[in-house]
Amino acid sequence: MEAAFGELAEITETDRQAQQAAEIARHGDAALPVFVALLDTADPQLRGGLGQVARQLDRNQIVATLRGVAQSSSSTAQARLTALTILDRFLKEPVDEALLTGLGDADAVARQSLSELTYAMANDPSSVIEYLNQLAEQPPEVVGMILAALPQMPPDPHLVTLLRMFAQGANPRVARNALDQLSRIRTVDAAMALASLALTLPPHLAPLAERGLRKLRLSGVPAPLPTEIQWHVLLSPVDGTGAQLAWFIGTPVNDGRHRLLSILIRDPEGIVACSGSPDTSDVELPTLPALGQMYTVPQPSDAPPITLLRVPFEVGCQAVQEALAWHWDTGTVPPVEYRLLNPLIWMNGQPAQESSVAVEGAACTPYQTAALLDHPAFASWYWQAPGPIHIAQRLGPRHDPAARTARIAELARAHFGPGIVASYQRRLRRMSSWLSLAAQPEAAALAAAAAAGLAAGPPDTSPFLLRLIGIGLDIAFISGFGRADLRHSTAKE
C-alpha cells in the first residue's frame, strides 16, 4: 500500500492519477491506514491523489473517517486541513462549524482550498468551474470565508480568474467585493480582468470595473497591451426556438494559436451555452468562407445541417451584448462557462464598433409577411410550445377547417402574450439583419415588416402568428396521426 500511494504522489497526469487511485481503492479497508497517515501533507499533488482515492472508497466509511480526523484533537493541524479539503472539494460534504471548531485559524481551510484550486488550474484552467459549482452547494458563509482569505494569498493569475468569476455571479455583494479586490491587485492580469468585466457586467456593476481599472492605472499598473487579432465570426440564422449560434475564431497576428469561442443564444433566456479554447489547432477549425458567404455544418442522423454566415466581428459582439441585456433585464447570469471564457473576445477591453445593420420594412400586406415562413432560413419556425400533439389529437385528422381556424385563433390569444410577441419581434429583427448580411434584401425587408406588423394588433389578427401556429399543428398532426391520415384529412377538406 505504501508503495502504491508513493507512486500516486509522483503521478502528474490526471488520467493516470485516476487510474492509480482506482487501483488503490480496490483494496478497500486495507488502504485506509496508509491513507489516514498521509493526510498530514502539504503537497497539493498528493492531496489531489488522496482526494481521487477518497472518491472511490466506500462513501459512508471514508466520510466518517475524514470527519473523525478533522475533529480529533490528536490530529495535526495539517492532517485536519487535508481531511476538510477532501471532504469539501472531492466529496462535496458540507464543512460545518463543528468541523471547524478548534482549528485556531478558520481561514486556514479557505487558504488551503485556494491553494488546491491554483494547483488544479495550473493543469486545467477549467477546474474553476467545478470549484464554483461546489461552492454553490455550500452555505453562503463559505463563500465569505473564501473572499476573506483571498487577500492573504500570494499573487496568482488563477486567483484573479476566480475573482473575475465571482464578479459575474448572481450575488451583488460578492460581485462588489470581488471587484474591490481586483482593483487592489497591482498586476496586468487584474487590469485585463477589469477591462473585460467592464464590457460584460450589468450597468450597475460595469462602472465599478471601469473605476477599478482607472485606479490600477493611476497606481502605476501599465494598461494591458491590445492583442492584434484577426477575427472571423460565423453566425447562424435564428431558429424556431429563438436560438442563434455564434462562432468566434481569432488568430493573433504574432502567433499561430487560434482562439475559438462558441456561444449559443436563445431569446428570451440569453446565453444558454458556451464552449471554447484559447489554443485551437488548424484541424479543429472550419474552412472559413468569405465575408457574407455561407458555411454548412453537417449534423448526425437525420438532423438538418447548420448554416452559418460569415459576418463582421462587430455583428457577433452585438449579438452577444443583446443577449447579455436579456440577462440584466431578468436578473439572471450567463452560464459559468461563458463567465470563464468571455475574455477571449473582450480581453482587449475595447467595445466593438456599433453594428449598423438596419433594414427598413418593405411595403407589404400582413399576408405577405406570413409567406416569409416559406423561406429556407425559416424552415424551423413553427409553434413549438408544449401541447400541439394533444391539441391535434383533440381536433382529429378529419377536423372541420372552421374548427381549425377558430382553434388557432384561440391558441394565439392564449399563448402569445406581450412578452412572447416582443420576443418574436426581436427574433424577426435579428433575422432581418442576418438576411441583409446574407445579401437577401427582399427577405430582410419582409422580416423587418413582419416584426413591425406584430405590434399592429392583437395576436389573433396576425397572419404571421396564425400561420406559425398552423404549421406547428400540421407537424403535430404528422407526429400524432402519420402522413397518410393527414393527406386523407386534407383531401376530405
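Read-outs: derived from the displayed coordinates by stated rules, not from any lab. Nothing here was measured: the structure is a model prediction, and the numbers come from that model. Heads up, the Cβs are rebuilt from the backbone with ideal geometry, glycines too, and the neighbour counts pull from every protein chain shown.
Quick rundown of the values:
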| item | result |
| --- | --- |
| Cα→Cβ-extended label distance, 7 Å offset, between ALA136 and GLN61, nm | 3.3 |
| Separation of the SER479 and CYS364 label points, Cα + 7 Å toward Cβ, nm | 2.8 |
| Estimated FRET transfer efficiency when R0 is 30 angstrom, pair LEU91-VAL272 (beta carbons, to 0.05) | 0.50 |
| Kyte-Doolittle at least 1.0, axis length at least 20 Å by Cα - qualifying DSSP helices, the chain | 463-481 |
| Length released on extending from ASP400 to GLU7, taking residue separation times 0.36 nm less the Cα-Cα span | 133.9 nm |
| Whole-Å distance, taken between Cα centres, linking region 28-45 and region 125-197 | 30 |
| Fewest-first sequence of HIS327, HIS390 by Cβ atoms within 10 Å of each Cβ | HIS390, HIS327 |
| Low-density loop positions, GluC sites (Glu not before Pro), region 125-202 - DSSP coil, at most 13 other Cβ in 10 Å | GLU137 |
| FRET E, pair ALA439, TRP231, Förster distance 22 Å, beta-carbon r, rounded to 0.05 | 0.60 |
| Three-way shape label, the chain, alpha-carbon gyration tensor, a/c 1.5 | prolate |
| Top positive-direction residue, dipole computed over region 229-346 with Cβ charges, set ILE345, TRP247, THR332 | ILE345 |
| Protection-proxy order for peptides 42-50, 418-426, each taking the mean of Cβ atoms within 10 Å per residue, highest first | 42-50, 418-426 |
| Inter-label distance for ALA37 and THR287, nm, one decimal - labels placed 7 Å from Cα along Cα-to-Cβ | 6.3 |
